[in-house]
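Below is one structure, written out as C-alpha cells; comments come after it.
The values are calculated or read from the model by the stated rules, or taken from the named source; none is laboratory data. Every value quoted in this text rests on a predicted model; they were computed, and no experiment measured them. Quick reminder, even Gly has a Cβ in these numbers, built from the backbone with ideal geometry, and neighbours come from all protein chains shown.
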Amino acid sequence: MSAASKFLIGLLAGVSGLVLGLAVLFLGLDAVGALKAPAFANRLSFDEKLRVLRADPPQNLKALFAGSSTTLHGVDGELLRSELGLDGEVLNLGVQDLRVNQIKFLVDVFLDQFPTVTHVVMVSTLLDYKDCGSVEAKFFQPEDVLDYVSGGWPPEIYYYFRYLDLQGTLKRANQIGHLRTTIHDLESVSFDPYGSLLLDVPRNGVIDRVWDGDPITLDPPCYRSLRALADLLRDQGISFVYVIAPMRPGYLAGRDPDGSLLAEHRTRVRAALAGTDAIVVDAHAALDMPEEAFFDAYHLKRDKAQTLTRYLGEQITTLTAAPERSHPSRAGSALSQAATRAD
Amino acid sequence: MLFNSLPFILVFVPVTLLGFYLLGARGHSRAAVAWLVLASLFFYGYWDPGEHALTDPWRWWPLALICSSVVVNYLIGQQLLARRSKSLLGVGVALNLAAIGVFKYAGFFANDVLQLATDLSYILLPLAISFFTFQQIAYLVDAYRGEVRAEGFINYALFVTFFPQLIAGPIVHHSETIPQFGKRETYRPNLDHLALGISIFVIGLAKKVVLADGIAVYASPVFAAAQAGAEPTLFEAWSGALAYTFQLYFDFSGYSDMAIGLGLMFNIRLPLNFNSPYKAVNIIDFWRRWHITLSRFLRDYLYIPLGGSRHGPSRRYTNLLVTMLLGGLWHGAGWTFVIWGGLHGLYLVINHAWHGLRRRLGHDLSRSTFPGRVLARSITFLAVVVAWVFFRAEDFDAANRILAGMIGLNGVQLPASYYGLFGPLAPTLDALGWVFADTDGFHFGGITMAVFMAALFGIAFLLPNTQEWTGYIAPNGEPGTRAEPSLFERLAAALPRWRPTLVHGSLLGVVLCWCLLAAFAQTPSEFLYFQF
C-alpha cells in the first residue's frame, strides 16, 4: 500500500473517529445526567426548557406566558392554573434576558405549535425595552426548534451535532445536574411542570451588576414590536394581557430617581397598545412590593412571585370576563384602573 | 458556493473530481477540461447576490458576463497572436476596464467622486470580476508581446474559470496553468497529489473556519461601534485593529491555501499567494509576501509599464504611489481603500528612500542582526496594522476614531474585575484616568481574546507556513522561503514536516471533520446570563 493510500485511510479514520468520539461523549454524558440540552439559542434557560417540552409536551395548552426572566421567575404556573380555573394547561415560556422584539418572535413561533392557546400573558420590566434596534429578534431557528419539541425524527443526538457546543457541553457537565434541581442559583433551570422557575437566590449569589441593574435607554423599536405582538394576537383571536411587573424600589431609586423613566414607559406602552384588544395590568403600581421582596434588581423571591401570580389570576379573570373586552380604548382604561388602585 | 460550505466539500468537489478523472483516465482530456469548465461555471452561477428566482434573467447575468468576457478576450487574443496590433490591444484592455469600471466603480465615481445624487445600486457587482479581468488583461498584453502560445478555446476558458482560483485568486498567469492542461499526467489520478492537495485544503479550511472566523467576533463589534459614532478606548481600539489584522490574514491566506489544495487535487499547481507576510522585515518585503500574485500583476502590468525605477528616484516614487493607489482601488470602490493604497505607497517610498540612503552610506543591506530584525518586523507590522484600519473601516471618520483610540486619545478602560489584577498599581492607574467599569457598548474580549490572539501571533510569526510545512512547490518551482531564516524560523524548521502517513492523515481527518461540523453547526454565541 502506498504512503498516500495510508494517508487517505487515516483521513477517513480521523473524520469518522471524531464523529464517533463525539457521539460516545454525548451518549455517555446523557446516561449520567450530565448532558445539557442542545444549544438552540445557547441560552440555558431556553434550551433546557425545550428539552423539558420535548419530554413532556403540554396537552390542550390554553394560557401561554411569554417574556423575559421577569415572566419566567415571576409567575407560578401551577398556582395560576388553579387561580384561573382553566380546563387546559398553562405554559411559562419566559426566557432570561429577552427583548420585546425577541418575545414577539418567540410567541409567533410557538403559537403555531400550540394552536389551542386562548390567552397570552407577558410580564415585563423596563429592561425588556433596551436595544431592540440592535438585538436580532430571531434568536433561534424555528424549524429546528419546533421539530425538536415535537419529538420523533431526527433523533436528539442529531441536534447535538447541529448545535455543536463542545466547550459549553463540557463546562456544564458538572453543573447541569445541580442547576436542574436548585432554586438558589441565578442560572437554575429547575422548572416546575408548567415551565415556571420561582427562585430564592441569596444576596451573595447575585453579583452587584445584576443587583443594581444596567442603565436603561428605552428603545422605540421595542414598542413597535409590542404593537406588532398585540396586533398578531388580536388577528388570531387570542386574548393578550400585558403586565408591568414590580421592580425593586432600591433599583428604581438608583436608575430612575424622579420616576420619569417609568412614567415615560407607561405612556409609551399605552400608546403602543392603544386600539388593540390588549389588557394592561400595572402590577408594579398595584402591589407596591417592598425592597425585601426581590432577590435582584427585577426579580421577585419565590413567595412574592406567588403573590404576584394570585394578583394576576384575579386581574385576568376579572378583565378578560368584562363585557367591554373588545372596546378600542381597553388598553388605556385597564391601565387607568390599575393606576387608580395604586393611588 | 463557498469553499467552506458542506455542499461544496461533500458534493461538488467529489463529483467534479470523479467526472474529471473518469474522462481523463480514458484519454478524453479535452472532454475532461470541458467538464471542469462546466463545473466551474456551475460553481460560479450557483452564487446569486440578489437572491433572484431561477427564472429571473438577472439571476444569470453574472454568468453571462463571465462567459462573454472569456469569449471576447479569447477572440481578441487570437487576433493579437496573428497580428500585433496596438490599437486592438487598446480595445481589449479598454473593454475589460470598462466592464470592471461599470460594475465595480460606477457607483463610487458617480456618488463619491462626482457627488451626483444618482442611485446606481441596481448595478450588481459580479463576483470575482476584479480577478478574471486582471487575468485576461495580462493575457492580452502578453499576446501582444508575443509571449503567449496559441491555445484552444477550451484550455483558455479553463485558465480563466478554473473554480479553485476563480473567486479570490491567486491571480493566475497563463504561463503557469495553460501548459499544465497539455500534460498527459494531469488527467491521471495521482494519490500523492490528492493527499497533499487535501492536506493543504484542510489547513486552509481550518485557517478560515477556526482562526479567522474565531477572531472576527472581536474585530467586528469595535469597527461597528466606531461606525456608529462610538470612540473606542485604548484597549478596545487595539483589540479591534489587531483582531482584524489576524482575521484578514487567516481568512485570505486560508482561502488561497484551499485554492492551491483544490488545484492540486486536479493535478494543477497554482502559484503561491502568501508567504508569511507578517514576518516581513520591511514593506518591500511585505509586498513580496502578501497577495503575491496581485503584487506581481501590479509590478509587471502597471509599475514597469509606467516606467518603474528606470527614470530616477522621483519618477520611481511617483510610479510607486500611482501603482499602490490603483492597487488600493482594486480592492474596493471606496475612499478608505484609496487611503489604504496611498499609505502603502507612502510606506514603499519611505522604504526605498531609506534603502537608498543606507546604500549611499555604504551599508550592506543583506546583513542584519537579531535585534535589528525584531525592530524591523515590529515597525513593519505596526505600519501594516495602521493601514488595515482604513481597509476595514466603513469610512474615514470611523477609521480616525479607532486610530485616535489606539494612541490613547479616547481614554483607557478595562473591565471592573481587572482592577484587582493590577495590585498596588491599581490606585495609580485610577489616578491616571484609567476607568475600570463594565459599561454598555464596551467591546473588549479580555483574557480569552488575549490568549487567542497570542496563539494567532505565534502561528503567524513563529511557525512555518503551509508551503514550508507541506513542501508544496508552486508551478514556477519556488517554494518562497527566505534566504536568511530567522532564529524562530530555524527552530520552527525542526518541527516534523508533513508526510503522507497514517498519523498525519488521521490528524488532518480530525481537523477536517471539526471544520465540517463547524460549517454544519448553527450554534449561536453563548449567552451568559450573569454577564448581562
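Of the residues screened, B:Y301 is one that is over 17 Å from the mean Cα position of the chain (by Cα) and of a type in the set (S, T, Y). Residues considered: A:Q102, A:Q59. Of these, the only one that is more than 14 Å from every other protein chain (Cβ to nearest Cβ), of a type outside the set (D, E) and without any contact (Cβ under 8 Å) to a residue 40 or more places away in the chain is A:Q59. Would it be correct to say that B:A64 is within 30 Å of B:S29 (Cβ to Cβ) and out of contact with any Lys or Arg (no Cβ under 9 Å at 6 or more places or on another chain)? Here the answer is yes, as B:A64 does meet what is asked.
Which residue out of B:S68, B:S29 is closer than 27 Å to B:A99 by Cβ and not β-branched (V, I, T)? The conditions single out B:S68.
Scoring B:I198 on the criteria (1) within 14 Å of chain A (Cβ to nearest Cβ); (2) at pLDDT 95 or above; (3) over 25 Å from B:G505 (Cβ atoms) leaves a single failure, condition (3). Picking from residues in the range B:24-41 that are in a helix (DSSP H, G or I) and without any contact (Cβ under 8 Å) to a residue 24 or more places away in the chain, the one that is surrounded by the fewest Cβ atoms within 10 Å (Cβ to Cβ) is B:L38. Say whether the condition of being in contact with a helix residue (DSSP H, G or I) (Cβ under 7 Å, 6 or more places away or on another chain), crowded, with 16+ Cβ neighbours inside 10 Å and β-branched (V, I, T) is met by at least one residue in the range A:182-189. For the range A:182-189, residues in contact with a helix residue (DSSP H, G or I) (Cβ under 7 Å, 6 or more places away or on another chain), crowded, with 16+ Cβ neighbours inside 10 Å and β-branched (V, I, T): present. Within the range A:34-45, is there a residue that is touching a residue at least 24 places away in the same chain (Cβ under 8 Å) and away from chain B (no Cβ under 14 Å)? Yes: one or more hits.
Out of the residues in the range A:133-192 that are touching a Gly at 6+ places or on another chain (Cβ under 8 Å) and within 12 Å of chain B (Cβ to nearest Cβ), state the one that is modelled with the highest pLDDT. Among those that are touching a Gly at 6+ places or on another chain (Cβ under 8 Å) and within 12 Å of chain B (Cβ to nearest Cβ), it is A:D185. One residue stands out among those in the range B:504-519 that are within 7 Å of chain A (Cβ to nearest Cβ) and in contact (Cβ under 8 Å) with a residue 60 or more places away in the chain: the one that is surrounded by the most Cβ atoms within 10 Å (Cβ to Cβ), which is B:G505.
In this structure, does B:S486 turn out to be within 14 Å of another protein chain (Cβ to nearest Cβ) and at pLDDT below 85? Against the criterion (within 14 Å of another protein chain (Cβ to nearest Cβ) and at pLDDT below 85), B:S486 does not qualify. Residues in the range A:1-33 that are surrounded by 16 or more Cβ atoms within 10 Å (Cβ to Cβ) and more than 12 Å from chain B (Cβ to nearest Cβ): A:L25, A:F26, A:L29. Do we find a residue being assigned to a loop (DSSP other than H, G, I, E, B) and under 22 Å from B:A216 (Cβ atoms) anywhere in the range B:291-312? Yes; the residues of the range B:291-312 include at least one that is assigned to a loop (DSSP other than H, G, I, E, B) and under 22 Å from B:A216 (Cβ atoms).
Scanning the range B:82-135 for residues that are within 26 Å of B:Q165 (Cβ to Cβ) and either in contact with a His (Cβ under 9 Å, 6 or more places away or on another chain) or not in a helix (DSSP H, G or I) (or both) yields B:I123, B:L124, B:L125, B:P126, B:L127, B:A128, B:S130, B:Q135. Within the range A:155-169, identify whether any single residue is within 19 Å of the chain's Cα centre (by Cα) and either among the polar types (S, T, N, Q) or over 30 Å from A:E89 (Cα atoms) (or both), and answer yes or no. No, there is no match, as no residue in the range A:155-169 is within 19 Å of the chain's Cα centre (by Cα) and either among the polar types (S, T, N, Q) or over 30 Å from A:E89 (Cα atoms) (or both). So, B:P126, is that one touching a residue at least 24 places away in the same chain (Cβ under 8 Å), of a type outside the set (F, W, Y) and buried (at least 20 other Cβ atoms within 10 Å of the Cβ) or not? Yes, satisfied.
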